[in-house]
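Read the structure below first, then the notes.
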Amino acid sequence: MSRNDNILKTIDWLTIAMFVAIMLFGWMNIYGASYNFEQTSIFDFGNRAGKQFVWILTALLMGGIILLIDSKVYNILAYIIYGIWIVVLIVTPILASDIKGSLSWIKLGPVSLQPAEFAKCFTALALAKYMGQYEYRIRDYKDLVVPGLLIMIPMFIIMVLQKETGSALVFLSFLLMFYREGMTGYVLLLGAAAICFFVLAIKLNVTTLPIGVGSASITVCMLAILLIDVYFIATKTKKPVTTWIFIAMNTISFGVALLINQWTPVDLGLVATITTGISSLYLLIISIKQKLRSIAFLMVFNILTGAYCYSCNFMFNNILRQHQRTRIEVLLGLKEDLSGAGYNVNQSKIAIGSGGVTGKGFLQGTQTKLKFVPEQDTDFIFCTVGEEWGFIGSAGLLILYLSLIMRLIHLAEKQKRQFNRIYGYCVAGILIFHLVINIGMVLGLLPVIGIPLPLFSYGGSSLWGFSILLFIFLKLDADGKVS
């Protein structure tokens, strides 16, 4: 009895209130998105809103059970649960039916579950177990080898064996936790740079240079690398003259190329590549003379990034699937396919824009009622919010999500145990990733990769997965207050 009293006193009720508020608002919008004029009740179990209500009740029941279990169990069994679930992920493609090219759903009687949704939680527990060891610190890249493997194994299985790219990419959300635990911010910058260079390489691949000949994508990418070099040389080297020599050397190189181009066409992409190579040698000399390891890393960055830029188009054309290439081409404006790959996003933007400031009202959305937007109660449910509740409702929902995330980060920072803090940041990172990617793809700012809006989209696996993820942290937080 005293244990239950302690739970009631120490549990963070504000987080639970926001959790319930998001679920209930999502439930209303699932009803609005799937509503047809023959339906009379939101509790009609023949439609998706009625089914979601059952998922909500079971999620709350599951949360209550998690709160009654001693929090030490999650630490003790972290590796065992992770190992069992890896086996489940491997078996899933064997038992699953092919749904839109994905082998990630297992049918259990009247319901279907997606094991990948629960893998995020169990991977977070395994990471917290390993990184929560006494005296563990991220001091060097070798300290990230085991955590990296813990992430890459389920990510590889989900992406390759289950052919579920969206669910696999969510595992990148653990980078937030790594950063909090001491990983250098350069890793995040490298990730952002990889995305930017990929976009530049693909976007400019069909662009013609205004002067000279050669690849516009390679020319621009190499110039971007050189600009990054200038910034880091200026901030990391001990002598300002080093920066000016670097700038002068590259200016002369391009100046001579442009001068020759007055008489005969010059391959500027080749010039930019050679200049970047010579600059890398210069960086090596600087790193040796001034004994700066950061400049040596910059030289490695030049070489690897240059090779990456040359390989982007090969990866795009030979590794990505056709539907993935089409989505990226539509996003980057290289192709207009309003009746195909761009249909969902185009209809979603029309629905959101038609809602205006205050929206058309609950159950009054025309785009959603006439089923113009596919997946409007799952991955594209935010368009229902925009159409029926307008800018005010959409902003209110985003503020509610932001409040929940900030609350989780606040609670994570207060944890005395490293295990609890690491797990809390994993939860926050997963929520941030889902929120940013889902809203971004609905607004046409990011490629459509098919991941749900957390606690909001229709689906039992997603709701259960997020509920387990969240309530385990709430239990860890509650027990941490009395220990």
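The values are calculated or read from the model by the stated rules, or taken from the named source; none is laboratory data. Keep in mind it's a predicted model, so treat the numbers as computed, not measured. Note that we place each Cβ from the backbone using ideal geometry, even for glycine, and neighbour counts take in every protein chain shown. Ligands, DNA and RNA are stripped out before the accessible areas are found, and what is left, the full protein with its side chains, is counted by its heavy atoms. Shrake-Rupley method; radii C 1.70, N 1.55, O 1.52, S 1.80 Å.
Tabulated data
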item: Trypsin sites (Lys or Arg not before Pro) restricted to DSSP loop in the range 264-344 with at most 13 other C-beta within 10 Å; result: K291, R321
item: List L408, L175, L227, ordered by accessible area with a 1.4 Å probe, largest first; result: L227, L175, L408
item: Length-normalised contact order for the range 1-119 - Cα pairs under 8 Å, 6+ apart - percent; result: 13 percent
item: Shape call, the range 210-342: gyration tensor on alpha carbons, a/c limit 1.5; result: oblate
item: Relative contact order (%) - the range 279-393, alpha-carbon pairs under 8 angstrom, separation at least six; result: 19 percent
item: Accessible surface of I285 - all protein chains present, 1.4 Å probe, nearest 10 Å²; result: 90 Å²
item: Amide hydrogen neighbours beyond the local backbone of V213, cut-off 5 Å, H modeled; result: V266, D267, L268
item: Calculated from backbone phi, Karplus (6.51, -1.76, 1.60) coupling profile of the range 371-381 in Hz, x at Gly/Pro; result: 6, 6, 9, x, 6, 6, 10, 10, 5, 10, 5
item: Amide H within-cut-off set for S112, under 5 Å, with H built and near neighbours excluded; result: none
item: Distance from the range 366-429 to the range 292-317 (C-alpha centre basis), Å; result: 35 Å
item: Cα-based reach from K371 at 20 Å (exclusive), listing lysines while leaving out same-chain residues under 8 positions away; result: K51, K100, K349, K360
item: Whole-Hz ³J(HN,Hα) from phi, Karplus 6.51 cos²θ - 1.76 cosθ + 1.60, for the range 97-112, glycine and proline x; result: 8, 6, 10, 6, x, 9, 10, 10, 10, 10, 8, 10, x, x, 10, 10
item: Cα-based shape type of the range 44-138, given that a ≥ b ≥ c are square roots of the gyration tensor eigenvalues and the cut on a/c is 1.5; result: oblate
item: Relative contact order [Cα under 8 Å, 6+ residues apart], the range 334-428, whole percent; result: 24 percent
item: C-alpha long axis of helix 240-260 to longest principal axis of the chain, angle in °; result: 70 degrees
item: Rounded to 10°, Cα long-axis angle of helix 78-95 versus longest principal axis of the chain; result: 90 degrees
item: Low-density loop cleavage sites - chymotrypsin sites (Phe, Trp or Tyr not before Pro) in the range 4-102, where at most 16 other Cβ are within 10 Å (DSSP); result: F37, F43, F45
item: GluC sites (Glu not before Pro), loop per DSSP, at most 12 other Cβ atoms within 10 Å - longest free stretch of the chain; result: 136-335
item: Cα gyration tensor shape of the chain, rounded if a/c is under 1.5, else prolate or oblate by comparing a/b with b/c; result: oblate
item: Whole-Å distance, taken between Cα centres, linking the range 211-268 and the range 87-102; result: 50 Å
item: Given charges at beta-carbon only (K, R positive; D, E negative), |dipole| of the range 40-157 in Debye; result: 60 debye
item: The chain, accessible surface, carbon-and-sulfur percent (1.4 angstrom probe); result: 70 percent
item: Nearest-ten-degree value, helix 382-414 long axis tilted from longest Cα axis of the chain; result: 80 degrees
item: Cα-centre dipole for the range 104-229 with unit charges at Cβ (Lys and Arg positive, Asp and Glu negative), debye to 20; result: 220 debye
item: Straight-distance crosslink candidates among aspartates and glutamates, where the alpha carbon sits under 17 Å from K481 and sequence neighbours closer than 8 are dropped; result: D5, D12, D70, E413
item: Nearest-20 debye value, the chain charge dipole, Cβ charges on Lys, Arg, Asp, Glu; result: 1160 debye
item: Neighbour-limited loop hits for chymotrypsin sites (Phe, Trp or Tyr not before Pro), the range 178-250 (at most 10 other Cβ within 10 Å; DSSP other than H, G, I, E, B); result: none
item: Helix-derived mean residue ellipticity, 222 nm - over the chain, DSSP H n ≥ 4, -39500 (n - 2.57), to 500; result: -23000 deg cm²/dmol
item: Phi to ³J(HN,Hα) by Karplus 6.51 cos²θ - 1.76 cosθ + 1.60 over the range 157-163, Hz, x for Gly, Pro; result: 4, 5, 6, 8, 7, 8, 6
item: Net +/- balance of residues flanking C221 in space, Cβ distance below 15 Å, scoring K and R +1, D and E -1; result: -1
